[in-house]
Amino acid sequence: MSLWRLTLLIALFNVMTFGNGPVMIPLLQTHLVEGARVLTADQLLYAFTIARVTPGQANFYVASIGYMLYGMPGAIVATLAIVLPGYVMIPLLRGFEHLRDSRWINGLTKGLTVTSVGLILAAVVQIARGALTQPIAWVVLIATLVMTQLLKWNILVTLAVATCLGLLLKWSL
Amino acid sequence: MKSDEDKRQSGTRVTRGELFSIFLKAGLAFGGGLGILAVLEDELVSKRRAVTKEEFLTIYGIGRIVPSGTMTALAVAYGYKFGGLSGTVIALTALSLPVFVLTIALTIAYHYLRNSRLFDLLPVTIMPAALALIVVAALKLGKDVFRPSRELVIACVAFALAFFLRLNPALILLAGGVLGAFVLQKIEAGNATEKKDASK
């Protein structure tokens, strides 16, 4: 996959998902991990983890993917691909305010969101089948879900505890 | 371009230096979009009164339909409002600098990790945790999805098409968006947004 093609894919996916980081996961998984096989599932998961622990915009993990594949030029180009569509804001500010209230746009974004829930979960199962080969991994996954969903712990704390749990289990079993 | 015409209600001007520091501060905020939004609200509306509350909400509303991250769109909007095209570059750079630098640093860390024995531990630590975080992200997106509703049906069909039939998720996403435009329009009449047919 050339840098040009990667940029095009990232730009396309970003526009399609309205720049939503998690929603891009199934698209990247299908095209970069399964399709072109230029990225491993591990790399995709690592990049997503970065997005969760860094401040700022949540779709910037594509810079990480760009860096993994093409070094600094890849990171910069991938970033530009997701930032530049933001300039659509200027014409919108200058007289298309009514678009915001459009029921069609409302339905469209709702449809995209709802569909992406199904797609994300499908991608998770897909990745899990390949990546979670050890029982310990399942324990860590469930523990992480409990810590974030039920206990509402901070993401950094959760990741630290999950990592420690995995290491402890690995070394003690 | 005529950048200075937009200051309809805004009393205070925001200089380029302030623009940079406000968006740098926003870029350092944790908690994704909402964290950034809170900083911008505090700096632009509460402290400086450079933007009215209504204007802030309107710009946020428009930003949500821009096909980039909403916060990226806000940086363009306020950069343009206070500094024209060069203002957009200043705001975008400031907002993106922290996340970009950290992302690259952590990616470089991955390269080192890859060549060490620690790499074998990733499948039982960060990887399953990351998968869990993706699930959490999906759950957050779909508040309406997890109860009997049209939304639930669409999400399930999308799952089945992607998982069992292995259709391209990009195509499924587009189809879902178009379908949503027809069947998920919010009815704007008062509280009757959700008709009672949802449970049947």
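The values are calculated or read from the model by the stated rules, or taken from the named source; none is laboratory data. No experiment lies behind these values; they were computed from the predicted model shown. In this analysis, Cβ positions are derived from the backbone assuming ideal geometry, glycine residues included, and neighbour counts consider all displayed protein chains.
Annotations for the structure displayed:
- Scanning the stretch B:40-62 for residues that are among the aliphatic types (A, V, I, L, M) and either under 21 Å from A:F18 (Cβ atoms) or surrounded by fewer than 18 Cβ atoms within 10 Å (Cβ to Cβ) (or both) gives B:L40, B:V45, B:L57, B:I59, B:I62.
- Check on A:L32, assigned to a helix (DSSP H, G or I), facing chain B (nearest Cβ under 8 Å) and either more than 15 Å from the chain's Cα centre (by Cα) or not acidic (D, E) (or both): no
- Every residue from the stretch B:130-147 that is among the aliphatic types (A, V, I, L, M), in contact with a Leu (Cβ under 8 Å, 6 or more places away or on another chain) and under 17 Å from B:G180 (Cα atoms): B:V145
- Qualifying positions in the stretch A:42-63 - at the interface with chain B (Cβ under 8 Å from one of its Cβ atoms) and over 19 Å from A:L156 (Cα atoms): A:D42, A:Q43, A:A63
Residues checked against (1) farther than 30 Å from A:V161 by Cβ; (2) under 21 Å from the mean Cα position of the chain (by Cα); (3) more than 8 Å from chain A (Cβ to nearest Cβ):
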| position | (1), (2), (3) |
| --- | --- |
| B:I104 | no, yes, no |
| B:L141 | no, yes, no |
| B:F146 | no, no, yes |
| B:F163 | yes, no, no |
| B:P169 | yes, yes, no |
| B:G177 | yes, yes, no |
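- Residue count for the stretch B:22-60, restricted to those that are over 12 Å from B:L74 (Cβ atoms) and in contact (Cβ under 8 Å) with a residue 60 or more places away in the chain: 2.
- If you go through the stretch B:109-128 and keep only what is under 18 Å from A:T54 (Cα atoms), surrounded by 14 or more Cβ atoms within 10 Å (Cβ to Cβ) and among the aliphatic types (A, V, I, L, M), you end up with B:I126, B:M127.
- Scanning the stretch A:127-173 for residues that are within 7 Å of another protein chain (Cβ to nearest Cβ) and touching a residue at least 40 places away in the same chain (Cβ under 8 Å) yields A:I127, A:A131, A:L159.
- Matching helices (runs of 4 or more DSSP H) fully within the stretch A:71-173 where at least 3 residues are surrounded by fewer than 16 Cβ atoms within 10 Å (Cβ to Cβ) and modelled with pLDDT of 90 or more: A:135-145, A:155-172
- Failed item in (1) closer than 25 Å to A:L169 by Cβ; (2) out of contact with any Pro (no Cβ under 9 Å at 6 or more places or on another chain), with B:I104 passing the rest: (1)
- Residues of the stretch B:64-87 classified as more than 18 Å from the chain's Cα centre (by Cα) and of a type outside the set (G, A, S), total: 4
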